[in-house]
Ligand code: NAD
Ligand code: DAU
């Protein structure tokens, strides 16, 4: 088959990546999707069972930092476009191990950019390099500050956000210096199915299910702006196809929640779905030492994306959180597999370390 585009999606076995891969594979049979993933602890091919046999889907296990391998993949598949999601993504891990974050998020992005620059020299304008980034690059807001816009100055605080900010700068540098057709989006906190249960929402749902303590950092007063992951995937589709080369788009839900309030909603929803009396799991809330450098508040102004490209979130939070809790409760095998490390052993056996 002669595909219209061959899109290299990196990090497609991770949380957001699997939703992006699924959307592109199913919505665009005229595109071939190459899912390139190293399958770190956060990557899980079980997330993509329903697309693995599609004729326009290919999985390649590789490390984005391995420049020679990336070049080989570009040549082998004649890659026409990149949507880059692969990253180390958990702030707490970045505090313990910043080197891995600099390596993957900065050097890995640079290796993809360099490969694109070498392989697409014929005509940069017909090949898009889409870099998926985060609102954390803008730093932290106070409670009464206005929202992050695309022109807010970068002010990252954690090793994770510093590494994402550095990667964003490299992406822009490849546009300004070499004329690569790049695009960046900076999104707020995602929630939904297939998120690794080290992040707040799936961790707490799983802990409530097992009657384990819910470790709330500090006083639980930090604020995050939550977006349903499939709405993020829809936004990526729109930005990839309609965004302006060299431009940045903020993606967010206009849906700010103080952690402690969100946790109470989760407890209420899990208790209801498990048939527990209201308030049953509130005693699991345990205030613990705050995260180092914990950003007080993130909140995204995504009006540019709405006004210029017509994207809006499709799901109200109440509906999204109920769907999400239901998904984790109905997919306990997935959660147990991931938390027991079984899937890691399985894929190591299949693909090597
Ligand atoms: P994730 O940790 O769930 O998945 C990351 C994926 O990247 C995994 O499949 C992993 O195996 C793969 N990967 C890691 N290192 C790699 C390497 N060296 N080579 C190839 N693959 C590698 O992350 P996520 O939450 O799905 O986030 C995806 C992207 O979106 C990241 O760039 C992140 O910064 C960004 N983002 C995430 C959120 C969020 O709320 N989760 C919000 C905004 C932006
Ligand atoms: O804003 C976008 C970012 O959102 C993404 O770039 C990151 O990849 C993603 O991990 C997420 O970062 P956060 O640090 O905001 O997400 P996390 O789920 O780790 O934490 C959400 C909030 O909950 C944060 O204020 C810290 C708090 N928290 C988290 C955990 C894991 C707790 O209070 N207890 C916990 O055990």
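Read the figures in this text as sums done on the coordinates, not as results from a lab. Because the structure is a prediction, the values reported are computed rather than measured. As a convention, Cβ positions derive from the backbone with ideal geometry for all residues, glycine included, and neighbour counts pool all protein chains shown.
Here are a few things to note about the model shown:
- Scattering profile of the range 4-125 at q = 0.15 Å⁻¹ [log10 I(q)/I(0), Debye over alpha-carbon scatterers]: -0.66
- Expected-Rg normalisation [2.2 N^0.38 Å, Cα atoms] applied to the range 208-252: 1.83
- Mean residue ellipticity at 222 nm, helices only, the chain: -12000 deg cm²/dmol; runs of at least 4 DSSP H residues each add -39,500 (n - 2.57), and the sum is divided by the number of residues.
- GNM top mover of 276, 206, 44 - the chain, alpha-carbon springs below 10 Å: 276
- For residue 68 and residue 291, a Förster radius of 41 Å and the Cβ-Cβ distance give a FRET efficiency of 0.65, rounded to the nearest 0.05.
- The chain: angle of helix 342-351 to the longest principal axis, Cα-based, in degrees nearest 10: 10 degrees
- Gain on full extension, evaluated as 0.36 nm per residue between residue 143 and residue 283 minus their Cα-Cα distance, stands at 47.6 nm.
- Here the relative contact order of the range 66-120, from alpha carbon pairs under 8 Å that lie six or more residues apart, stands at 54 percent.
- In degrees, nearest ten, helix 259-274 long axis to first principal axis of the chain (Cα): 80 degrees
- 0 to 90° range, to nearest 10: angle between helix 317-330 axis and the chain longest Cα axis: 90 degrees
- Principal axis dimensions, largest first and in whole angstrom, of the chain by Cα: 64, 47, 38
- Prolate/oblate/rounded call for the range 254-303, Cα gyration tensor, a/c under 1.5 rounded: oblate
- Relative contact order (percent, whole number), the range 141-215, Cα cutoff 8 Å, 6+ residue spacing: 11 percent
- Of the peptides 217-224, 296-303, 31-38, 164-171, the ranking by mean beta-carbon count within 10 Å, highest at the top, reads 31-38, 164-171, 296-303, 217-224.
- Selected from 161, 111, 125 as most flexible by GNM, with the chain as the system and alpha-carbon contacts under 10 Å: 125
- Beta bridges from DSSP with both residues in the chain: antiparallel share about 5 percent, rounded to the nearest 5.
- Rg(Cα) / (2.2 N^0.38 Å) computed for the range 201-336, rounded to two decimals: 1.20
- Extended-chain gain in nm, criterion 0.36 nm per residue less alpha-carbon gap, residue 342 and residue 31: 108.7 nm
- In plain terms, the chain from residue 314 to residue 90 could stretch by 78.0 nm, reckoned as 0.36 nm per residue minus the Cα-Cα distance.
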